[in-house]
Structure formats: structure tokens, C-alpha cells
Amino acid sequence: MEKKKNIPEKDIQKPAKEKLDELVKALSEKNAEIEKLQNELENLKIESAKRQEQKNAEIEKLKKELEDLKIESIKIQEHFSKSRKTLAKQAEQQVMKEKKRLMKDLLEIFDNFERALNTLGRNDRASAKEGIKLIHNQIQQFLNQHGIKEMELKNKKFDPALCEIGKITESEKEANIILEVLRKGYYLNDEILRTAMVEVAVPKNITIKGGN
């Protein structure tokens with residue numbers, strides 16, 4: 001019968017120790033990996049916080065810009081409203097100033113007209129005639145000062161833009177020549193203020209359809 005060999009205790013415990021060392025090493029590696037992941041997670045949290053802080057800062061900046069724009073808009077509206085009121089007031093004052101000047105000129109004419117009437121009451125025909133001539137000249141001057149000019153139409157071709165026919169008369173003159181001005185026409189500066197009423201010539205022996 002074969003006799004069993006005695007194995008030293010040191011040799012029996014060796015595999016267990018190696019296995020324990022391996023476990024310790026593996027655990028250490030896992031701990032290192034966990035620590036690395038924790039560090040990465042912490043870095044991500046910090047980065048996320050920084051980004052959120054930047055976003056919050058941008059949001060606050062945009063809010064401030066929006067508020068500034070609102071304030072600026074209110075200021076512009078207030079300025080526009082004040083400017084409009086100021087311009088309206090200035091325009092009203094200018095109209096009143098012009099109206100006063102106009103009325104003063106008319107009162108001068110009215111004074112002379114009253115004097116002419118008083119002269120007629122005293123049967124002073126010559127003075128009355130002179131007074132009426134003076135009034136006529138004043139009115140003519142008044143119209144000229146305010147840009148009102150009489151149309152020169154007599155002996156010119158009829159122009160429907162400037163005048164209308166009030167009378168048609170047979171004449172030796174060329175057709176459509178204005179013979180007389182029945183009602184004067186006027187310009188206000190370069191615009192037509194009032195058209196004229198005129199008498200227009202037609203050749204003799206021509207039947208005028210629809211005429212008088």
C-alpha cells in the first residue's frame with residue numbers, strides 16, 4: 001500500500017491567497033473605475049451647472065434688453081404724442097395768425113365801403129364814385145397779396161379746363177374764340193380757384209345743335 005505524501009500547510013494556503021489577491025486587485029480596479037465615473041459625473045454636473053448659469057445669464061440679459069426696449073418704446077410714444085400736440089398747436093396758432101391778418105385787411109376794405117355808403121347818403125356822387133373805385137382797387141390788391149390772379153381769357157381759344165360756355169354767338173371771328181368773359185375766373189397761385197363763364201364765337205350760318 002502506497003504511503004500518502006505530507007503536503008506542507010504553506011502550499012495548501014497558497015491558491016486561496018492568490019485568489020484573495022486577485023479579488024482585492026479586481027475590487028481595487030472596480031473602485032478606481034467607480035471613482036473615475038464619479039469624477040466624470042461630478043465634472044458633468046459642474047459643466048451642466050455652468051451651462052445653466054450661462055443660459056440664465058443670457059435669459060436675464062434678454063429680459064433686460066426687452067425691458068429697455070419697452071421703456072424706449074414708451075419714451076418714443078410719449079415724444080411722438082408731445083410732438084404731435086405741439087405741431088397741432090403751432091398749426092392752429094399759424095392759422096389764427098393768418099386769419100387775423102386776413103380779417104384786418106378785410107376790415108380796411110369794409111371801412112372804406114362804409115365811408116362810400118355815407119357819402120352816397122349825402123348825395124355826393126363824385127365822392128361816392130371815388131370811394132367805390134378805391135374799394136375796388138383795395139380788393140384787387142388784397143386778392144393779389146393772397147396769390148389770387150385773374151385769368152386772361154378774352155380773344156383766346158376756349159379751354160374747357162379753364163372755363164365753361166355761358167353763351168354762344170355767331171361772329172366773324174375764328175370758331176371757339178372767347179368774345180367776352182361773363183364771369184371772371186381766378187387762379188390761386190398755380191391752381192385753378194374758380195373757372196370762368198364765357199361767351200364763345202361760332203362762324204355765321206352754322207346751325208348750333210342744342211344751343212340757345
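What follows is calculated from the coordinates using simple rules that are stated; it is not laboratory data. These numbers were taken from a predicted model, which means no experiment stands behind them. Counting neighbours? That spans all protein chains shown, and the Cβs are built from the backbone with ideal geometry, glycine included.
How tilted is helix 9-121 with respect to the longest principal axis of the chain? Cα atoms for both, answer in degrees (0 to 90, nearest 10).
Result, in degrees: 10.
Express the relative contact order of the range 149-212 as a whole percentage, based on alpha carbon pairs under 8 Å and six or more residues apart in sequence.
Values: 133 pairs, mean separation 25.8, N = 64.
The value is 40 percent.
Provide 21, 190, 159 in ascending order of the number of other Cβ atoms located within 10 Å of each residue's Cβ, fewest first. Provide the component values of the computation, followed by the final result.
On the way: 21 10, 190 7, 159 14.
So the ranking, lowest neighbour count to highest, is 190, 21, 159.
Helix-derived [θ] at 222 nm for the chain: sum -39500 (n - 2.57) over DSSP H runs of at least 4, divide by residue count, nearest 500? Present the calculation step by step, with values, prior to reporting the outcome.
Details: 2 runs with 134 residues, N = 212.
So the calculated ellipticity at 222 nm is -24000 deg cm²/dmol.
Which of 194, 125 comes first, and how do the rest follow, when ranked by fewest Cβ neighbours within 10 Å? Don't skip to the answer; put the middle values down first.
Working: 194 14, 125 10.
Least crowded to most crowded, the residues run 125, 194.
Could you name the lysines whose alpha carbon sits less than 22 Å from that of residue 63, not counting residues in the same chain fewer than 8 places away?
Of all the lysines, those that pass the test against residue 63 - Cα under 22 Å, at least 8 places apart if same chain - are 50, 55, 75.
Can you find, among 193, 178, 136, the residue sitting farthest towards the positive end of the charge dipole of the chain, where Lys and Arg contribute +1 and Asp and Glu -1 at Cβ?
Most positive-ward Cα: 136.
Here are labelled values, [x] 0.97; [y] 3.27; [z] 1.01, and one is the computed Cα Rg over 2.2 N^0.38 Å for what I pasted. Which one?
Here the calculated entry is [y].
May I ask you to list the lysines whose Cα is less than 21 Å away from that of residue 70, ignoring any residue fewer than eight positions away on the same chain?
Qualifying lysines at Cα under 21 Å: 61, 82.
Among 99, 19, 89, which one shows the biggest mean-square fluctuation in a GNM of the chain, springs joining Cα atoms closer than 10 Å?
In this elastic network of the chain, the residue with the biggest mean-square fluctuation among 99, 19, 89 is 19.
Read phi for every residue in the range 185-199 and hand back ³J(HN,Hα) as whole Hz from Karplus 6.51 cos²θ - 1.76 cosθ + 1.60, θ = phi - 60°, with x for Gly and Pro.
For the range 185-199, the Karplus-derived couplings read x, 9, 9, 10, 6, 9, 9, 6, 8, 8, 6, 9, 10, 10, 9 Hz, x marking Gly and Pro.
Picking from 39, 88, 109, whose Cα lies most toward the positive end of the charge dipole for the chain (charges on Cβ: Lys, Arg +1; Asp, Glu -1)?
Result: 109.
Size of the dipole of the chain about the Cα centre, Lys and Arg at +1 and Asp and Glu at -1 on the beta carbon, nothing else charged, in debye to 20? Before the final figure, lay out each step's value.
Working: 44 positive and 39 negative charges, 83 e Å.
Value, rounded to 20: 400 debye.
Using Cα positions and a limit of under 19 Å, work out the aspartates and glutamates in reach of residue 133, with same-chain residues fewer than 8 apart set aside.
Answer for residue 133, where 19 Å is the Cα cut-off: 105, 108, 111, 114, 124, 150, listed by chain and number.
Run the count for the range 149-212, please: Lys pairs, Cα-Cα under 22 angstrom, 8 or more apart or on different chains.
21
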